[in-house]
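K.L.:
The structure follows.
The numbers here are math on the coordinates, done by the rules we state, and not lab data. No experiment lies behind these values; they were computed from the predicted model shown. Here the Cβ positions follow ideal geometry from the backbone for every residue, glycine too, while neighbour counts run over all protein chains shown.
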Amino acid sequence: MLEIQSNNPKLTIEEIEKFEQNNAITLPSEYKSFLLKYNGGYPMQSNFYIHGSNGDFESILNIFYGIGDMYDNLQKNIDFLDELFEVGFIPIADDPGGNQICICISEKNFGEIRFWEHELGNENELDNLLFVSKSFSVFIDSLFD
């Protein structure tokens, strides 16, 4: 069972809908439920697998971003990493090295979780997005110590 440490303010569905409207996006329902319950934070089970072309490898989730007035907020990271937004993904978390865990917001692969390794240096940002899981709930269920 997922445990999150979060001191972030609780969200309402109206605040999430306003966030979606301001960014002209739709968030997957399971991710919205997570935001309503935790609004970001530090997971106690934080390891996960990334499925790369050279095999699977492991990373650590540092923090989930929240919505609102906090250091690790979702809007700041969307604005800062606009190249991900342009290819249909938003960063929802990071690892200790600054790589991003992203969720797909485009119709194709909607809700899929990808790992953006910023040091790969591929010109096409999609090539830097490595597969993690088909959905947010599968991703959450796969986190381990």
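K.L.:
Quick one: Kirkwood hydrodynamic radius for the chain, alpha-carbon pairs, angstrom, one decimal? Walk me through the numbers on the way to the answer.
P.N.:
Details: mean 1/r = 0.0658 Å⁻¹.
That comes to 15.2 Å for the chain.
K.L.:
Which length gain, in nm to one decimal place, applies between Q75 and S106 when the Cα-Cα distance is subtracted from 0.36 nm times their residue separation? The partial results should precede the final answer.
P.N.:
On the way: separation 31, 0.36 × 31 = 11.16 nm, distance 1.74 nm.
Once the chain is fully extended between Q75 and S106, it gains 9.4 nm.
K.L.:
Right, something else. Let's test the formula: R0 of 22 Å, r as the Cβ-Cβ distance of F144 and N54. What FRET efficiency results, to the nearest 0.05?
P.N.:
0.50
K.L.:
A follow-up question, please. So if R0 is 35 Å, what FRET efficiency would E14 and D127 give, r being the distance between their Cβ atoms, rounded to the nearest 0.05?
P.N.:
0.40
K.L.:
Using the structure shown, list the pairs from K108/K134; K32/K134; K76/K134; K10/K37 with a Cα-Cα distance above 19 Å, or answer none.
P.N.:
K76/K134
K.L.:
Sticking with this structure for a sec: What number, rounded to the nearest 500 deg cm²/dmol, is the helix-based mean residue ellipticity at 222 nm of the chain, given -39500 (n - 2.57) per DSSP H run of at least four residues and division by all its residues?
P.N.:
So the calculated ellipticity at 222 nm is -7000 deg cm²/dmol.
K.L.:
Run the quick spin-label model on Q5 and A24: label points 7 Å from Cα toward the beta carbon, then report their separation in nm to one decimal.
P.N.:
Spacing of the two 7 Å Cα→Cβ label points: 4.0 nm.
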